[in-house]
Structures are given as structure tokens and as C-alpha cells.
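Here is the structure we will look at, set down as C-alpha cells.
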Amino acid sequence: MSKARRTLENRRRLTLFGLLLPPSAFLAIFFLGPLAIMIVYSWLTPGLYGGVEWKFFHLNYGRILGWADTKYERFDPVYFEIFLRSVKLAATTVLLSLILCYPVAFWVSRMPEKRKNLVIFLITLPFFISLIVRLFAWVLILRPTGFFNQALMGLGLIDEPLEIIFTGTAVVIGMVYVFVPFMFLPLYASIEKLDLSLIEASQDLGANRIQTFFRVILPMTLPGIVGGSIIVFIPSLGNFIGPSLLGGAKVVMIGNLIEQQFLSARNWPFGAALGMMVMAAVLVLLLYYIRIVTREERQADGPNVAEEVAA
């Protein structure tokens with residue numbers, strides 16, 4: 001290699017290093033740094049009046065997973081129950097968001113370009129309004145004297161107001177409303193890339209609409225479904241603003257419990273351990289998503305879809 005070429009290569013490396021250094025430093029300081037603090041705190045002893053004592057303490061995880069049996073630190077199944085409730089509400093949010101967004105994404109993808117851009121803008125419009133303001137609007141809608149109950153009573157469908165506010169139903173309604181755009185955008189991106197010729201080929205080969213959907217459309221849009229589901233599930237699992245406003249003290253999710261441990265109980269190590277449990281669940285989901293995407297990319301060069309339908 002000539003001296004001029006080596007100089008050019010070194011210059012390119014220095015340029016690349018200079019471009020990557022600022023974002024890498026930002027991530028290291030503001031993402032990896034707090035994460036490292038949380039990991040360390042989760043293995044420390046809770047302070048008597050808050051904070052931490054710099055002594056190794058494994059019972060923070062024992063209170064969640066079952067091996068804490070000391071006088072002051074005991075396993076309490078309520079924490080696991082709260083985690084399971086959080087998973088259930090987050091999964092319900094994902095399912096309802098998917099049911100709402102999947103047909104809408106198909107409808108929008110078939111629109112003319114100008115109308116399509118307008119609809120996408122309207123779907124993302126709530127991002128311009130404060131989350132707390134939007135959730136407070138749902139409090140006004142769902143409370144006993146709110147619009148929803150008054151409309152049902154005015155139509156004669158019910159005789160007395162329904163107790164919706166401060167229930168799991170209200171929490172799911174609020175989270176579905178908040179996270180619908182996060183589900184719609186990955187679905188829309190996946191559906192818009194559908195090859196219509198494959199759908200026509202499956203119908204020409206004798207497949208009905210149901211067979212075409214399950215054997216052609218669904219596999220081709222699976223990355224968007226999985227991606228949207230994970231994007232919705234992760235913030236739903238750790239959400240604490242929605243459950244606080246719409247669930248009150250009756251519906252406690254893992255995000256509310258972590259908030260209470262840090263702010264009210266001042267048990268930072270236990271709050272950090274709860275946060276690490278949520279991070280572990282998120283990591284498993286992300287690894288699963290990567291596996292799905294990788295498998296779909298490998299299958300993209302596999303057998304022709306039309307031949308599979310014919311079989």
C-alpha cells in the first residue's frame with residue numbers, strides 16, 4: 001500500500017472516529033451511566049433513612065423472586081402479582097392496539113398519496129399535546145358524571161353510571177389511546193411494502209381470502225406486527241402516569257411500584273432491583289424481536305410464496 005493511500009485511510013478513520021465520538025459519549029454518559037448506577041444500587045443495602053449503604057445485599061431480588069426470609073426482608077408474593085398484573089394489562093394494550101391498527105393500516109396504505117399523508121399526520125397529531133393533558137381528558141370522559149356515562153344514560157342504555165374510572169379497564173383505555181401511534185407506524189411501514197403480485201398469485205392458484213391472509217399477508221407483515229407489539233409493550237409495562245391518573249390507588253403497576261420505592265419509601269436498592277427485573281423482561285423481548293427479524297430476512301431468499309400457497 002502506497003504512503004498516500006495509507007494517509008487517506010488514516011484520515012478516513014479519524015473522520016469516522018470524530019463523527020462517532022459525540023453520540024457514543026452521549027450514550028455512555030446518559031444511558032449506560034444511569035444503567036450502571038441502577039445495577040450497582042440493586043445489590044446494595046437500603047439506608048435506614050433512605051439512600052444506600054455500601055454493603056452487598058442480595059435480598060432486594062430475594063423479596064421479588066422468593067429467597068428473602070430475614071426479619072426485615074421477606075418475600076412477598078404481592079410484588080410478583082403486581083408484575084403479572086402489569087404484564088397482563090400491557091399485553092391487553094398490545095392486543096387491542098393491534099386489532100385497531102391492523103385494518104386501519106391496510107386502509108391508509110391504499111389511499112391516494114395526499115390523503116395518506118394527511119391521515120398519518122392526524123394519527124401522529126396527539127404527540128404535539130402533553131401526555132398528562134390527554135390523560136386528564138380521559139378522566140373527565142370516564143368519571144361517573146363524565147361524557148361517556150352521560151351519553152349512555154341519555155340514550156337509555158344504562159340507569160346509573162358505570163364505574164369505569166380507577167379500574168383496570170380505564171388504564172387499558174388510556175394506554176391504548178396513548179400507544180396507538182406506536183403500533184400503527186411499524187404496521188403501516190410493513191403493510192405498505194406488501195407485494196400485491198404475490199396476493200394475486202395466491203388467488204390465481206386457488207387460495208381463498210382467509211388462506212391468502214394467513215399464508216401470504218400475515219407472514220409478510222409479521223415483522224411489523226412483532227415490532228409494533230414490542231414498541232407498545234415495553235412502555236406499557238413500565239408506564240406509571242396512566243395507571244396513576246386512571247387507575248388511582250386501585251390499580252398498581254410495576255412502574256407505580258418503582259416510583260413509590262424511589263420517592264415515597266426511599267428504598268432505592270429495592271426500586272433499582274424492580275427496575276432491573278423490568279429491564280430483563282425488555283431484553284428478552286428485544287432478543288426475540290431480533291431473532292424474528294433475522295429469520296424473516298433469511299426466509300426472504302427461501303421458497304417462493306406462490307409455490308407454498310400452491311402446495
Heavy-atom accessible area ranking, 1.4 Å probe, most first, across Val216, Val87, Val119: Val87, Val119, Val216
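May I ask you to give the average projected area over all directions of the convex hull of the Cα atoms of the range 94-179, in nm² rounded to one decimal? Intermediate values should be presented prior to the final figure.
Values: hull surface 28.3 nm².
It is 7.1 nm².
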Packing rank of 241-250, 194-203, where each peptide gets the mean count of other beta carbons within 10 Å, highest leading: 241-250, 194-203
Protection proxy ranking of 3-10, 47-54 - average other beta-carbon atoms within 10 Å, highest first: 47-54, 3-10
Reachable lysines, given that their alpha-carbon falls under 26 Å from the alpha-carbon of Lys88 and they are not under 8 places away in the same chain: Lys250
Other-chain or far-sequence residues with amide H under 5 Å of Leu44's (modelled H): Phe57
Most mobile listed residue (Asn208, Asn267, Asn117) in the chain, GNM with C-alpha springs under 10 Å: Asn208
For the range 78-310: rounded, prolate or oblate by the Cα gyration tensor [a/c cutoff 1.5]: oblate
Distant-in-sequence amide H partners of Val52 (H built 1.01 Å from N, under 5 Å): Gly47
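Residue separation times 0.36 nm, minus the C-alpha to C-alpha distance between Arg209 and Ser109: what's the value?
Difference between extended and current length: 34.1 nm.
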Loop-located trypsin sites (Lys or Arg not before Pro) in the range 70-107, at most 12 other Cβ atoms within 10 Å (DSSP): Lys71
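The values are calculated or read from the model by the stated rules, or taken from the named source; none is laboratory data. Bear in mind the structure is a predicted one, so any value in this text is a computation, not a measurement. Virtual Cβ from ideal backbone geometry, glycine too; neighbours counted across all protein chains shown. Surface accessibility is based on the protein's heavy atoms, side chains included, excluding ligands, DNA and RNA. Shrake-Rupley method; radii C 1.70, N 1.55, O 1.52, S 1.80 Å.
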